[in-house]
Amino acid sequence: MPMNHKKILGTTVTLLTAGSFALPAHALCPVCTVAVGAGVGLSRWLGIDDTITGLWVGGLMVSLTLWTDDWLEKKNFKIQGRAWAVLAAYLILIILPLYWMGIMGHPFNTLWGQDKLLVGMIAGGFSFLVGALGYKALKKHNQDRAYFPFQKVVMPVGMLAILSAIFYWITK
């Protein structure tokens, strides 16, 4: 098996293993956040393309935004545009250090004329959000019950895994 296939297989097995230890949680669960965080760290360690790493960073950002917004809601912290403010804070906390460290913005690290990490972050953020919202919509249509165990984790993280495979083939 070629080395790149071993890396993808290793990442997939790790993420599925992390998801199998999920516990029931509220809002967008911490397990999702940990799984996405593990995916980011693992992909960088394995030397996987920055576009794929960006997918997981974007998913992590959306997960943290939803998780933080839910926590603020429970604390009765009510301001107009709270979720957007939280997202902006995470964007600043993640993108600026990557830019200052020279990880983002390198002219030879682009896909479709844009920084690979940024392309991945945008695609990953949207796909994670689609997975999370899709879970809520399916749950609503099933008398407020999931169709299968850990569906809350599988749908958003699964979206990232599918996109990782797609971007792997695009960037190889």
Practice item. First select every other residue whose beta carbon is under 14 angstrom from the beta carbon of Leu66; then total the charges, Lys and Arg +1, Asp and Glu -1. Key: +1
Exercise for review: Would you mind checking Lys152/Lys172; Lys78/Lys136; Lys74/Lys116; Lys116/Lys136 for any pair whose Cα atoms are more than 26 angstrom apart?
Suggested key: Lys152/Lys172; Lys74/Lys116; Lys116/Lys136
Practice item. Within the set of other residues whose C-beta is less than 15 Å from the C-beta of Tyr99, count the net charge using Lys and Arg as +1 and Asp and Glu as -1. Key: -1
Exercise for review: Quote the charge dipole size of the range 99-157 about the Cα centre in Debye, to the nearest 20; the model charges only the Cβ of Lys and Arg (+1) and of Asp and Glu (-1).
Suggested key: 320
Review point. Kirkwood hydrodynamic radius for the range 60-172: how many Å is it when counted over pairs of different Cα atoms?
Key: 16.0
Study note, to complete from the structure: For the range 122-127, Karplus-derived ³J(HN,Hα) couplings (6.51, -1.76, 1.60; θ = phi - 60°; whole Hz; x for glycine and proline) come out as 5, 5, x, x, 5, 5
Study note, to complete from the structure: For Leu111, other-chain or 5+-apart residues with amide H closer than 5 Å (H placed, Pro excluded) are Lys116
Check your understanding: What are the residues whose amide H is under 5 Å from the amide H of Asp49, where those residues sit 5 or more places off or on another chain and H is modelled from the backbone?
Key -> none
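Each value in this text was obtained by applying a stated rule to the coordinates, not by laboratory testing. Every value quoted in this text rests on a predicted model; they were computed, and no experiment measured them. Ideal geometry is used to build each Cβ from the backbone, glycine not excepted, and the neighbour counts take in all protein chains shown.
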